[in-house]
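A quick write-up on the structure given underneath.
Since every read-out is calculated from the coordinates, none of them should be taken as a lab result. Note that this is a predicted model, so its numbers are computed, not measured. All Cβ positions, even for glycine, are placed from backbone atoms using ideal geometry, and neighbour counts span all protein chains on display.
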């Protein structure tokens with residue numbers, strides 16, 4: 001059986017493309033397993049400098065595989081909460097790994113990003129959208145609660161009141177509104193989407209890997225820690241960076257009016 005994702009690498013920039021547009025890249029068992037295995041492997045990959053996540057043929061992801069859920073109900077394979085908890089923990093095991101990748105994660109959304117597919121999209125450091133992208137936290141319409149880390153990510157991106165409105169109504173947000181309220185950073189044409197993601201990946205790797213990973217880790221906690229706690233983390237991180245060979249080389253080149261030597265190491 002072919003994999004539901006396509007994995008490519010170009011000079012350290014890894015691209016994961018979900019390739020089951022007929023099922024709207026829903027989180028089938030095969031998709032969940034393939035994403036889990038790939039993300040777990042990449043979390044240990046010291047040669048990766050950036051990660052781009054996208055979907056094929058104008059579809060990002062519809063989230064949960066509702067057809068498979070219905071089949072499982074009818075077959076009596078699931079009933080109580082104890083049947084669902086392991087599945088949720090498995091999903092969250094790789095979503096959290098993706099969120100915490102120590103490299104730039106750029107998500108390129110073309111078409112629908114619904115339910116857990118929206119949660120997946122919001123794990124990115126930068127979210128780009130084509131002008132035909134749509135976003136929907138539609139869990140309430142099927143009697144479920146948001147998952148895929150949406151309780152964490154969406155309120156932080158657009159504010160609690162707006163996040164609750166989207167959670168409670170399950171309404172669809174188009175690309176232009178998504179950019180206005182902060183779900184995505186930029187809107188492009190479908191044709192320009194991946195080239196723009198690749199351009200941003202190249203820009204974000206023009207730095208020290210250590211400095212980037214520390215900046216990402218600390219900024220990711222900036223809304224939950226106190227100012228004093230963040231000052232302490234900032235001091236510790238800066239001490240590490242300022243004592244690095246990379247920093248010494250960078251300031252020497254600056255003083256000598258030489259171009260910086262960026263290699264994300």
Quiz item: Debye sum, Cα scatterers, the stretch 209-256, no solvent: what log₁₀ I/I(0) at q = 0.13, 0.22, 0.30, 0.31 1/Å?
Solution: -0.36, -0.77, -1.07, -1.10
Practice problem: Measure nothing but the geometry: give the 0 to 90° angle between the long axis through the Cα atoms of 29-42 and the longest principal axis through the Cα atoms of the chain, rounded to 10°. | Solution: 10 degrees
Practice problem: Report, largest value first, the span of the C-alpha coordinates of the chain along each principal axis, in whole Å. | Solution: 70, 42, 35
Quiz item: With each run of n ≥ 4 DSSP H residues scored as -39500 (n - 2.57), what mean residue ellipticity at 222 nm is computed for the chain after dividing by its residue count and rounding to the nearest 500 deg cm²/dmol?
Solution: -14500 deg cm²/dmol
Quiz item: If you rank 90, 212 by fewest surrounding Cβ atoms within 10 Å, what's the result?
Solution: 90, 212
Exercise. Starting with the fewest neighbours, write out 125, 100 ranked by other beta-carbon atoms found within 10 Å of each beta-carbon.
Key: 100, 125
Quiz item: Given q = 0.13, 0.17 Å⁻¹, what are the Debye log10 I(q)/I(0) values for the stretch 114-233, with equal point scatterers placed on the Cα positions and solvent ignored?
Solution: -0.61, -0.95
Quiz item: Considering only DSSP beta bridges whose two residues both sit in the chain, what percent are antiparallel, to the nearest 5?
Solution: 30 percent
Practice problem: Estimate the FRET efficiency between residue 168 and residue 9 by the formula 1/(1 + (r/R0)^6), using the beta-carbon distance for r and 41 Å for R0, to the nearest 0.05. | Solution: 0.50
Quiz item: Mind ordering 183-190, 157-164, 170-177, 75-82 by average Cβ neighbours within 10 Å, highest first?
Solution: 183-190, 170-177, 157-164, 75-82
Exercise. Under a 10 Å cutoff between Cα atoms, tell me which one of 253, 32, 180 has the largest fluctuation in the Gaussian network model of the chain.
Key: 253
Exercise. Can you tell me the 0 to 90 degree angle between the C-alpha axis of helix 160-169 and the longest principal axis of the chain, rounded to 10?
Key: 20 degrees
Quiz item: So how tilted is helix 190-204 from the main axis of the chain? Cα-based, degrees 0 to 90, rounded to 10.
Solution: 40 degrees
